[in-house]
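Here is the structure we will look at.
The values are calculated or read from the model by the stated rules, or taken from the named source; none is laboratory data. Keep in mind it's a predicted model, so treat the numbers as computed, not measured. FYI the Cβ positions are ideal-geometry reconstructions off the backbone, even for glycines, and counts take in every protein chain you see. Heavy atoms of the whole protein, side chains included, go into the accessibility calculation; ligands, DNA and RNA do not. Shrake-Rupley method; radii C 1.70, N 1.55, O 1.52, S 1.80 Å.
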Amino acid sequence: MLIVGELINSSRKPIAEAIQAQDAEAIKKVAKEQYEAGAHYIDVNAGTFVGKEAEYMEWLVKTVQGATDAPCCLDSPDPKVIERGLAVHKGTAMINSISLERERFEALVPIISGTDLKVIALCMSDEGMPETKDQRMKIADKLINLLVQKNVKIENIYVDPLVQPISTNSIFGVEFLNAVEEIMERFPGVHTICGLSNVSYGLPMRKLLNQNFAVMAVAKGLDALIINPLDKRMMANLIAAEALVGRDQYCMNYLKAYRENKLDV
Ligand code: THG
């Protein structure tokens, strides 16, 4: 399971304050904690700072990479902001994200084409957010094919079918899960990823819903997640889920986590 640590996001108050104050130590601490908890990529998002997002993205990338060896997941809908982060990024970044929205697609493709960059492909088009599995599949199919045509390796594509709140429509959870299953079946080599928190929006005990949803998605083949890696129960659940679906040979990872005291949370 590839883990992207979500906590460096300006929608979170302490992060917005640290960015505003240019408090590098505060950002470095959150980067290190996530890396040590098992994050492979550190998501960086300064999206709430209109007009300063690109400048802050650059600062976040430099700051995070001054504290850990982890690559960043550059999180912005604006290709200019992603470019700015990429210009100072060391190693192989993950782009979060491209979509079928025409402007966004055309601006990002030349940046990604022929490189080893990983890219999150959001199932979103100029027609808006998909609701059913079939709507997601149509977008995923077009996106994957276009990206591969444009010289992006299928192994570098992480399709995000987009999680929507079950409080607004009770089918949103299952439509998402079935999309994961079909994408992994129909496009061998591609990855699937998502952020979880939307699924529980508007409901109490959000962690309970997020944790269960993550396990169900793993059962459908999801192999990457944007999460809070400091959530110990979430991390333990994922290790157990991967062992249970046969993605942990000889349960080695499960046993290692047990010996390291990471399961009894
Ligand atoms: N898909 C893609 N990118 C994304 C999302 C997605 N980027 C943004 C978002 N969704 C994922 N990132 C966050 C970041 C912070 C929070 C939720 C999603 C958040 N965190 C809690 C808080 O601040 O209190 C802490 C979570 C916890 O304690 O478990 O709200 O869907 N491609």
Whichever residue in the range 228-253 is touching a residue at least 60 places away in the same chain (Cβ under 8 Å) and near the ligand (Cβ under 10 Å from one of its atoms) and, among such residues, is surrounded by the fewest Cβ atoms within 10 Å (Cβ to Cβ): LEU230
Considering residues of the range 83-100 that are in contact (Cβ under 8 Å) with a residue 40 or more places away in the chain and over 12 Å from TYR41 (Cα atoms) only, the residue nearest to the ligand (Cβ to nearest atom): SER97
Members of the range 207-217 found to be out of contact with any Lys or Arg (no Cβ under 8 Å at 6 or more places or on another chain) and more than 8 Å from the ligand (Cβ to nearest atom), listed by number: LEU208, LEU209, ASN212, PHE213, ALA214, VAL215, MET216, ALA217
Residue that is surrounded by the most Cβ atoms within 10 Å (Cβ to Cβ), among those in the range 128-138 that are in a helix (DSSP H, G or I) and in contact (Cβ under 8 Å) with a residue 40 or more places away in the chain: ARG136
Test result for GLU181, in contact (Cβ under 8 Å) with a residue 40 or more places away in the chain, open to solvent by 30 Å² or more (accessible area, probe 1.4 Å) and within 16 Å of the ligand (Cβ to nearest atom): no
Those residues of the range 166-178 which are more than 16 Å from the ligand (Cβ to nearest atom), touching a residue at least 12 places away in the same chain (Cβ under 8 Å) and part of a helix (DSSP H, G or I), in sequence order: ASN178
Filter pass, ASN198 being at pLDDT 95 or above, away from the ligand (no atom under 14 Å from the Cβ) and either within 16 Å of the chain's Cα centre (by Cα) or open to solvent by 10 Å² or more (accessible area, probe 1.4 Å) (or both): no
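Would you point out which residue out of LEU147, LEU108, LEU117 is within 16 Å of the ligand (Cβ to nearest atom), modelled with pLDDT of 95 or more and open to solvent by 10 Å² or more (accessible area, probe 1.4 Å)? Break it down stepwise before answering.
Numbers: LEU147 fails: open to solvent by 10 Å² or more (accessible area, probe 1.4 Å); LEU108 fails: open to solvent by 10 Å² or more (accessible area, probe 1.4 Å).
On inspection, the qualifying residue turns out to be LEU117.
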Number of the condition not met by VAL152 [criteria: (1) open to solvent by 60 Å² or more (accessible area, probe 1.4 Å); (2) closer than 15 Å to ILE98 by Cα]: (1)
Qualifying positions in the range 1-15 - closer than 15 Å to VAL61 by Cα and open to solvent by 10 Å² or more (accessible area, probe 1.4 Å): GLU6, LEU7, ASN9
Test for PHE187: is it modelled with pLDDT of 95 or more, open to solvent by less than 60 Å² (accessible area, probe 1.4 Å), within 12 Å of the ligand (Cβ to nearest atom) and at negative phi: no
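Any residue that is touching a His at 6+ places or on another chain (Cβ under 9 Å), of a type outside the set (A, V, I, L, M, F, W, C) and modelled with pLDDT of 95 or more - is there at least one of those in the range 225-234?
If we filter the range 225-234 for residues that are touching a His at 6+ places or on another chain (Cβ under 9 Å), which is where we start, we get none.
Scanning the range 225-234, I find no residue that is touching a His at 6+ places or on another chain (Cβ under 9 Å), of a type outside the set (A, V, I, L, M, F, W, C) and modelled with pLDDT of 95 or more, so the answer is no.
Scanning the range 123-144 for residues that are among the aliphatic types (A, V, I, L, M) and in contact with a helix residue (DSSP H, G or I) (Cβ under 9 Å, 6 or more places away or on another chain), which turns out modelled with the lowest pLDDT? Steps first, answer last, please.
Residues of the range 123-144 that are among the aliphatic types (A, V, I, L, M), as a first pass: 124, 129, 137, 139-140, 143-144.
Narrowing the set further to residues that are in contact with a helix residue (DSSP H, G or I) (Cβ under 9 Å, 6 or more places away or on another chain) leaves 124, 129, 137, 140, 143-144.
Details: MET124: 97, MET129: 93, MET137: 98, ALA140: 98, LEU143: 98, ILE144: 98.
That would be MET129.
Which residues, counting only those in the range 141-190, are among the aromatic types (Phe, Trp, Tyr) and under 17 Å from the mean Cα position of the chain (by Cα)?
Those that are among the aromatic types (Phe, Trp, Tyr) and under 17 Å from the mean Cα position of the chain (by Cα): TYR158, PHE176.
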Wholly within the range 1-82, helices (runs of 4 or more DSSP H) carrying at least 3 residues that are more than 14 Å from the ligand (Cβ to nearest atom): 24-36, 53-65
